[in-house]
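Visitor: Pasting in a structure now, in structure tokens, and then I'll have a few things to ask.
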Amino acid sequence: MSRASLRQQEMGLGPAWQPRAGWFEQHPAQLLRQSPQTDAAFTELPALAISPPPSESLFVHDAKLTAPPEAQQIAAQAPEPAPITPEPVEPTPTAEPLRAEVGAELAPVDWPLLQRKVADCHDCRLCETRTQTVFGRGNPQARWMLIGEAPGENEDRQGQPFVGRAGQLLDNMLSAAGLERDQDVYIANVLKCRPPGNRNPAPDEIAACNGYLLQQIRHIQPTLIIALGRFAAQTLLETEDSIGRLRGKVHRYQGVPLVVSYHPAYLLRNQPDKAKAWQDLLLARKIFRQAES
């Protein structure tokens, strides 16, 4: 037992107050913002709200403090101690400054070099399970850019986004709107690798691919972006609103007008919503024409 503890015992004092560090519960969006891959290299993702830390005292009292009458009398005559003020916690940066900061720090990358970087990427665990990366398809100088969530099984095997029945449906919709897939649009995903079992992307995986998507947008400089599906819309707009609330409005991502619509794979399972998806496409065409005029 230390001398200080012996002196406290002789005075009849119990154990001193013991400090305990507070704790923070990290939200997936916080992982995205603090990921080391964000600078190196952003589906059906969400504006994720960061939960405040729980209201917890910075100190815990492990035992009651007792003292003899003499000590209590001395303590009563002593001046009141100054209150302890906890050190302020720096607020978490908001989403918009983050996007501006990331976009500002990314040096422009030549398109073929960017393709090679994606093909050789090992910035997250998805590189261990993918067959190949899926960079995108279409015209890199297109005025329309369509962004989905992540490659599926067919995309992972063929190395192209939106293939199979979902891709055919998307091609038909674009054609009905007067758009040629290989000339008028460029199609990409939030993630460049398929998550195992087509599960939702994890925050660190989104962070690892964020720089690649920003580089694609910077290079293409589209007049209009369409987010296909809940996860892509929530990720790009950083919101948890349902796709029903996001549809029918004009949003912005990196300063570019953005329209939300359903993912073609969803439309194959929910035929009645094809009419709503067509309305979204007509809205996108209207916004595009206004922006080009």
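The values are calculated or read from the model by the stated rules, or taken from the named source; none is laboratory data. In this text, all values refer to a predicted model and were calculated from it rather than measured experimentally. In this analysis, Cβ positions are derived from the backbone assuming ideal geometry, glycine residues included, and neighbour counts consider all displayed protein chains. Side chains included, ligands, DNA and RNA excluded: accessible areas come from the protein's heavy atoms. Shrake-Rupley method; radii C 1.70, N 1.55, O 1.52, S 1.80 Å.
Visitor: Around Arg137, what is the net charge, scoring Lys/Arg as +1 and Asp/Glu as -1 over all other residues with Cβ under 15 Å from its Cβ? All intermediate terms of the calculation are to be shown ahead of the outcome.
Guide: On the way: positive: Arg157, Arg181, Lys192; negative: Glu155, Asp156, Asp171, Glu180, Asp182, Asp184.
Net charge around Arg137: -3.
Visitor: Given H placed on each backbone N at 1.01 Å, which residues far from Val256 in sequence or on other chains put an amide H within less than 5 Å of it?
Guide: Correct list: empty.
Visitor: Treating the beta-carbon of each Lys and Arg as +1 and of each Asp and Glu as -1, no other charges, what is the dipole magnitude of region 190-293 about its Cα centre, to the nearest 20 debye? Numbers along the way, then the final one.
Guide: Working: 15 positive and 8 negative charges, 74 e Å.
Roughly 360 debye, rounded to the nearest 20.
Visitor: Report the local net charge at Leu268: Lys and Arg +1, Asp and Glu -1, summed over other residues whose C-beta lies under 13 Å from its C-beta.
Guide: Numbers: positive: Arg165, Arg269, Lys274; negative: Asp273.
So the environment of Leu268 carries a net charge of +2.
Visitor: A further question follows. Hey, can you find the accessible area per residue of region 109-292 for me, probe 1.4 Å, expressed in square angstrom?
Guide: Working: 7910 Å² over 184 residues.
With the other protein chains kept in place, region 109-292 gives 43 Å² per residue.
Visitor: In addition: From the phi of every residue in region 130-144, what ³J(HN,Hα) in whole Hz does the Karplus formula 6.51 cos²θ - 1.76 cosθ + 1.60 yield, where θ is phi - 60° and glycine or proline is x?
Guide: Computed from phi, the couplings for region 130-144 are 6, 7, 7, 6, 10, 6, x, 8, x, 9, x, 9, 5, 8, 9 Hz.
Visitor: Quick one: which residues, 5+ away or cross-chain, put their amide H under 5 Å from the amide H of Leu224? H built at 1.01 Å from N.
Guide: For Leu224, whose amide H was placed from the backbone, the distant partners under 5 Å are Met145.
Visitor: Still on this structure, please answer the following. Tally Lys and Arg at +1 and Asp and Glu at -1 over the other residues with C-beta under 13 Å from the C-beta of Glu153: what net charge comes out?
Guide: Numbers: positive: Arg130, Arg157, Arg165, Arg194, Arg199; negative: Glu155, Asp156.
Summing Lys and Arg as +1 and Asp and Glu as -1 gives +3.
Visitor: Let me ask another. For Ala176 and Ala119, what does the FRET efficiency come to when R0 = 35 Å and r is the distance between their Cβ atoms, rounded to the nearest 0.05?
Guide: Values: r = 33 Å, r/R0 = 0.95.
In this case the efficiency is close to 0.55.
Visitor: Once phi is turned into θ = phi - 60°, what whole-Hz ³J(HN,Hα) does the Karplus curve with 6.51, -1.76 and 1.60 give for every residue of region 214-224, x standing for Gly and Pro?
Guide: 4, 5, 4, 5, 5, 6, 6, 6, x, 7, 8
Visitor: Return P(r) of region 175-293 (all Cα-Cα pairs; 5 Å bins starting at 0; whole %; ordered from short to long distances).
Guide: Going out from 0 Å in 5 Å bins, region 175-293 shows 2, 10, 20, 24, 23, 15, 6, 1, 0 percent.
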